[in-house]
Amino acid sequence: MQDNGTQLLTIEDRSRLRVTGVTDLDRFDEREIVLYTTLGELTVNGRELHIGEISIETGELLVEGDIWGIRYGDKDKQSPLRLLGRILR
């Protein structure tokens, strides 16, 4: 499992993005992928985007397609699953 707060983004030729520190996948389509990471919400925009690999156990995600932009959202925004997990503790 990723260290809380540790994250790595690796972009290859604007066509492959590997993200570590992923805690939840919110939504995705061929133009936008929204996910939650240890550092907050992350949005990937592009064309013909698809998820090549995902592992919630290791917190890794691979996005393939024509990547146009990557944007962090609110750091304090928690994923619904993480919030539920805290409530149930």
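Residue pairs whose Cβ atoms lie under 9 Å apart, sitting 6 or more positions apart in sequence or on different chains, and linking a residue in the stretch 9-33 that is at positive phi and exposed (fewer than 15 other Cβ atoms within 10 Å of the Cβ) to a partner that is part of a strand (DSSP E or B) and at pLDDT 95 or above, are R14/G46; R14/D66; R14/I67; R14/W68. If the condition is being of a type in the set (A, V, I, L, M, F, W, C), modelled with pLDDT under 90 and under 14 Å from T20 (Cα atoms), then the stretch 40-89 contributes only I56.
In the stretch 42-64, how many are farther than 23 Å from D13 by Cα and in contact with an Asp or Glu (Cβ under 9 Å, 6 or more places away or on another chain)? Talk me through it step by step, then tell me what you get.
Start the filter on the stretch 42-64 by keeping residues that are farther than 23 Å from D13 by Cα, which leaves 56-58.
Filter again for in contact with an Asp or Glu (Cβ under 9 Å, 6 or more places away or on another chain), leaving 56.
So the count comes out to 1.
For L42, the requirement of being without any contact (Cβ under 8 Å) to a residue 40 or more places away in the chain and touching a Lys or Arg at 6+ places or on another chain (Cβ under 7 Å) is not met. Among residues that are under 14 Å from Y72 (Cα atoms) and in contact with an Asp or Glu (Cβ under 8 Å, 6 or more places away or on another chain), G21 is not included. For the stretch 1-23, the set of residues classified as of a type outside the set (S, T, N, Q) and at pLDDT 90 or above consists of L8, L9, I11, E12, D13, R14, R16, L17, R18, V19, G21, V22, listed by residue number.
The values are calculated or read from the model by the stated rules, or taken from the named source; none is laboratory data. None of these values were measured; they are calculated from a predicted model. Here the Cβ is made from the backbone with ideal geometry for all residues, glycine too, and neighbour counts use every protein chain on show.
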